[in-house]
Structures are given as structure tokens and as C-alpha cells.
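For reference, the structure discussed in these notes is given below.
All of the numbers you see were taken from the coordinates with simple rules; none came from a lab. Note that the structure is predicted; figures quoted are calculated from it, not measured. Every residue, glycine among them, receives a Cβ derived from its backbone with ideal geometry; neighbour counts consider all protein chains shown.
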Amino acid sequence: MGMQLNKFFLIILVLFSSCKGDAQENYVVSKKTKQTVTTAGINFFDKKYAAQYTMIVDESTPADHPIKIFLDCTDSYFTIHYIPKTQTLEGYWRNQYFKNKDIDKINFETESKIIEKKINESSKDYAIFCYYVPSKFLKSNAGCSSESVYLDDRTNAEIYYYDNQENKWKLIKQKLSNILPKILESKYFKTNFPSYFSQNKCNLTHLKYTQK
């Protein structure tokens, strides 16, 4: 009788361990699936996408916030936008930065270092976005330059947000677009993604992926 009870408990223990293992395996799969949906597969900060910081697009048109531009017609065309969250920083980039500067004589390498240093002083005071276009949507009249490239009529652009807490890029929107990744005004991001500029950080957890 005692031996039969021991066998019975042994069988129960084996079944319990098996179920527990299956549950753990399913949990891991669920986590991986969730990560695939919510995080980008591209790291726009990767060294292979190295680009200078700038406040000037096409060497003549000023922006109201710092931008990094990457263009490789075999890879992609994207811009990283550092949008100020505070009025002080917004006023600095919009009104003060270009004071006493001659746009036609700016040394872009030197300026990149100056801008990077300023951003690093308070990096958490910026909402960082990336406007991304894969190479398959890039067209060109001649060569591969910001002046010659234009977008296919069926371009599906992707907009990412950089989550400082998780250190991850997250896809937040896809849209049919004929706009090159050169958005000069902070207003575009503040109007389309106001929750990222809310003082109530809890609102960030309610943002949902949207598609148009």
C-alpha cells in the first residue's frame, strides 16, 4: 500500500513539473512576441548610421530643433529629431542659437560637436523621434543626395520614438507619405504626438500604435 502511494505521488510530481515547464515556456514566448510588436528592430544610434548633428538642412534652411540626417540609398533615409520638452530649450534652439551666426559660413563638423554637447547637458529634456524611410521607397534623378532623392508614391514611412527608460526605439506610427525625412518644425511632432510632451508621465503608458 505504501509503495503504491509513493508511485502515485511520484506521478503527480512529474505531471506538475511538466506543466510548470510548459507554462514557463509559454511565458517566454509571450514576452518575445510582445517585444517584437512594441520595439524596433533597428538601432538608429548604431555606429554604422553615424551622422552629424545639425540645425541646418540642405546647407541653407534652418530648423527649430537639432537633427541628425542619414542617407544611404542602399539602406535607408532617416532623420533623428531632438524635440525640446521645456520652453527654455525651445527658446534657445529657436531664437538664440543662430544669433551672431552666419549660416553661410558655418563649419558643420564644429557645429555638430557644439550641438551634441548642449543636448548631452540635459538629454532627458528632449523627446527623440526618428522619421524613417526604407531604401525600397527611395527614388533619385541622379546619384544619391538629399537634393536628388525623392519618395515613391506608395511610400510607407515609419515614425519611431526613443524610450530613454528602456533604451529602445519603438515604432509608434506608419503612414503613407510623400514627405522627405526633413521635418524642420517641432510643431509636427508636438501636434501628432502630444502625449510624449505631457507633464503627466503616466500618460505615456496609454499611447497606442496607430496606422493611417
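For the reader, a short list of remarks on this structure follows.
- I172 long-range amide H proximity, modeled H, under 5 Å: I159, Y160, Y161
- Annotation: amide H of A127 within the under-5 Å range of I83, K85, sequence separation 5 or more or interchain, hydrogens built in the peptide plane.
- Using R0 = 35 Å, the C-beta based FRET efficiency linking I179 and I103 works out to 0.90.
- Legend: residue pairs K68/K173; K68/K190; K101/K190; K136/K173, Cα-Cα distance threshold 22 Å; pairs beyond threshold, K101/K190.
- Extension gain, S146 to S195, is 14.5 nm, computed as 0.36 nm per intervening residue step minus the present C-alpha separation.
- Peptides 167-176, 65-74, 94-103, 112-121 ranked from most to least packed, by the mean per-residue count of other Cβ atoms within 10 Å: 65-74, 167-176, 112-121, 94-103.
- Annotation for K168 and N156: the two label points, set 7 Å from Cα along the Cα-Cβ direction, are 2.1 nm apart.
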